[in-house]
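Each remark here refers to the structure printed beneath this line.
The values are calculated or read from the model by the stated rules, or taken from the named source; none is laboratory data. None of the values given here were measured: they were computed from a predicted structure. Positions of Cβ are backbone-derived with ideal geometry, glycine not excepted, and every protein chain shown enters the neighbour counts. All accessible areas refer to the heavy atoms of the entire protein, side chains included, with ligands and DNA or RNA removed. Shrake-Rupley method; radii C 1.70, N 1.55, O 1.52, S 1.80 Å.
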Amino acid sequence: MTSSLKRIYAILNKDLKDLSKNMYVLSTVVVPIFMAAVFARSGNTPLEIHYLVVNLAFATVAAFVQCALIAEEKEKNTLRGLMMSPASTAEILTGKSLVSVLLTLITLIVCMRITGYTPEGLPIISIALLVTLIFYVAMGTMLGLLTRSLMEASVVILPIMFIFGMGTLLIELIQEYEALMFIEYLPNFQLEFMAQAVEGGASFEEVVGELGIMAVWMAVMVVLTVAVYRRRTFDGE
């Protein structure tokens, strides 16, 4: 194992231990699983509901757990020491993201099994889910860096959880007001639109627009997160 992998593994191992002691953060995993179980009782679950659960899992697990882990590190004044260690920016951010990534993937699999969702065009959907996952984890990292405590992070993440987790419920309302149409370009909407197209038999070329929008969101969020991280390192915050 190279020194880089050892550093990433050490960060991952530490975060796993910290998360196992924090039931408040860990309990957010229950939310999408509970919602999946509720919707599954109705029988034939429409695609919109499947992706409501998927987006909720991204918002409550990938974004919130990541935000909480980073904010807690700052509150305990341990993140600064990590920033000053020999580990590079890529190693630290990768290591700090792996717990959220693994937890989100497990949650998604469990939710999909409960609701009985088997995606059409699995390779295309898998790419879209991966791009979306990176976006949410990057967003959670940035929000965690911008907040000063776990409590503050919990408050800041609430509107994010609503807009990105349950915002697709407002699609009919949004379509009635032109001023709100820009919201349809958010990655959670684009993910659902793409899934609907693929379900209808669309090829990769036909959904590349939606995937491209999601990829742009991901790239912008990653760049912003790295910039905020380096600013925090330079400022000593």
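Among the residues of the range 92-115, is any part of a loop (DSSP other than H, G, I, E, B), open to solvent by 50 Å² or more (accessible area, probe 1.4 Å) and farther than 19 Å from M221 by Cβ?
Looking for residues that are part of a loop (DSSP other than H, G, I, E, B), open to solvent by 50 Å² or more (accessible area, probe 1.4 Å) and farther than 19 Å from M221 by Cβ, one finds none in the range 92-115, hence no.
How many residues does the range 204-235 hold that are surrounded by fewer than 17 Cβ atoms within 10 Å (Cβ to Cβ), free of Cβ contacts under 8 Å to residues at least 60 places away in the same chain and part of a helix (DSSP H, G or I)?
Going through the range 204-235 one residue at a time, the tally reaches 11.
Return the residues of the range 145-171 that are modelled with pLDDT of 85 or more and touching a Lys or Arg at 6+ places or on another chain (Cβ under 7 Å); say none if nothing qualifies.
L145
Just one of the numbered conditions (1) closer than 19 Å to M139 by Cβ; (2) at pLDDT below 90 is not true of A62; which one?
(2)
Check L158, L130, L145 and return the single one that is closer than 15 Å to M221 by Cα and free of Cβ contacts under 8 Å to residues at least 60 places away in the same chain.
Result: L130 is the single residue among L158, L130, L145 that is closer than 15 Å to M221 by Cα and free of Cβ contacts under 8 Å to residues at least 60 places away in the same chain.
Can you tell me which residues in the range 116-150 are under 23 Å from R230 (Cβ atoms), open to solvent by 50 Å² or more (accessible area, probe 1.4 Å) and under 12 Å from the mean Cα position of the chain (by Cα)?
I134
Show the residue pairs meeting these rules: Cβ distance below 8 Å; 6+ apart or different chains; first residue within the range 66-84 and over 22 Å from V155 (Cβ atoms); second residue buried (at least 17 other Cβ atoms within 10 Å of the Cβ) and of a type in the set (A, V, I, L, M).
Listed by first residue and then by second, the contacts come to L82/I11; L82/I92; M83/I92.
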